[in-house]
Amino acid sequence: RNNKMAFTAADVKKLREMTSVGMMDCKKALTEADGDFDKAIELLREKGLAKAAKKADRVAAEGVAYATVVDGTGVIIEMNSETDFAAKTDSFLDLVKNLATVVATENPADVDALKACKYPNSNLTVTEIMQEKVMSIGENMQIRRFARFADNTSVAYVHAGGTHAVLVN
């Protein structure tokens with residue numbers, strides 16, 4: 001085998017867009033995978049597991065509260081991160097909104113059951129998506145709690161971008 005790189009800068013950019021992981025991590029994964037995208041994604045996922053495990057004991061006391069009504073089912077959820085900065089990112093807020101949808105549609109019994117559910121528009125579980133988000137956002141994140149009312153009489157209110165959320169049932 002020659003010493004030429006098996007991938008281009010455009011490949012690194014494409015992998016970054018696919019995974020939201022930093023450029024250097026993408027480049028290292030593609031190097032290790034000899035330019036194979038599927039293998040690189042798997043390597044990034046494994047590294048994400050390791051990073052998530054390292055960050056798991058860090059205090060996640062910031063975050064957002066979110067309430068919504070999905071097809072008549074009211075959901076309120078609290079998701080924590082290490083800093084309010086991370087909690088305000090679009091990536092974090094999208095995660096919380098999607099988790100609320102999972103709670104509404106799948107009716108998990110508790111946080112552990114929610115983590116085992118399939119994440120919307122993905123073949124991955126909530127746990128696997130959260131590990132990817134820990135790697136891309138760079139902070140410990142935890143689903144703290146949620147509540148669900150499926151009787152079509154809920155009204156949701158979110159105050160100040162997620163500092164407070166109310167679900168009236």
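The values are calculated or read from the model by the stated rules, or taken from the named source; none is laboratory data. Nothing here was measured: the structure is a model prediction, and the numbers come from that model. Cβ placement follows ideal geometry from the backbone for every residue including glycine, while neighbour counts extend to all protein chains displayed. In case anyone asks, the SASA skips ligands and DNA or RNA and just uses the protein heavy atoms, side chains included. Shrake-Rupley method; radii C 1.70, N 1.55, O 1.52, S 1.80 Å.
Under the condition of being out of contact with any Lys or Arg (no Cβ under 6 Å at 6 or more places or on another chain) and either surrounded by 23 or more Cβ atoms within 10 Å (Cβ to Cβ) or of a type in the set (D, E, K, R) (or both), the residues counted in the stretch 68-81 number 6.
Evaluate the following for Ser136: is it surrounded by 14 or more Cβ atoms within 10 Å (Cβ to Cβ), in contact (Cβ under 8 Å) with a residue 40 or more places away in the chain and farther than 25 Å from Asp71 by Cβ? Spell out the reasoning first.
Working: surrounded by 14 or more Cβ atoms within 10 Å (Cβ to Cβ): yes; in contact (Cβ under 8 Å) with a residue 40 or more places away in the chain: yes; farther than 25 Å from Asp71 by Cβ: yes.
Taking the combined requirement at face value, the residue satisfies it.
Just give me the residues in the stretch 1-25 being part of a helix (DSSP H, G or I), open to solvent by less than 70 Å² (accessible area, probe 1.4 Å) and modelled with pLDDT under 85, in sequence order. Answer for the stretch 1-25, where residues must be part of a helix (DSSP H, G or I), open to solvent by less than 70 Å² (accessible area, probe 1.4 Å) and modelled with pLDDT under 85: Leu15, Thr19, Asp25.
For the stretch 26-44, name all the residues that are farther than 23 Å from Met130 by Cβ and assigned to a helix (DSSP H, G or I). Matches in the stretch 26-44: Lys27, Leu30, Thr31, Glu32. Scanning the stretch 77-123 for residues that are more than 16 Å from Asn140 (Cα to Cα), of a type in the set (Asp, Glu) and over 14 Å from the mean Cα position of the chain (by Cα) yields Glu106, Asp110, Asp112. Do we have any residue at all in the stretch 145-153 that's hydrophobic (A, V, I, L, M, F, W, C), in contact with a helix residue (DSSP H, G or I) (Cβ under 8 Å, 6 or more places away or on another chain) and within 27 Å of Ile41 (Cβ to Cβ)? Within the stretch 145-153 (the criterion being hydrophobic (A, V, I, L, M, F, W, C), in contact with a helix residue (DSSP H, G or I) (Cβ under 8 Å, 6 or more places away or on another chain) and within 27 Å of Ile41 (Cβ to Cβ)), the answer is no, since none of the residues qualifies.
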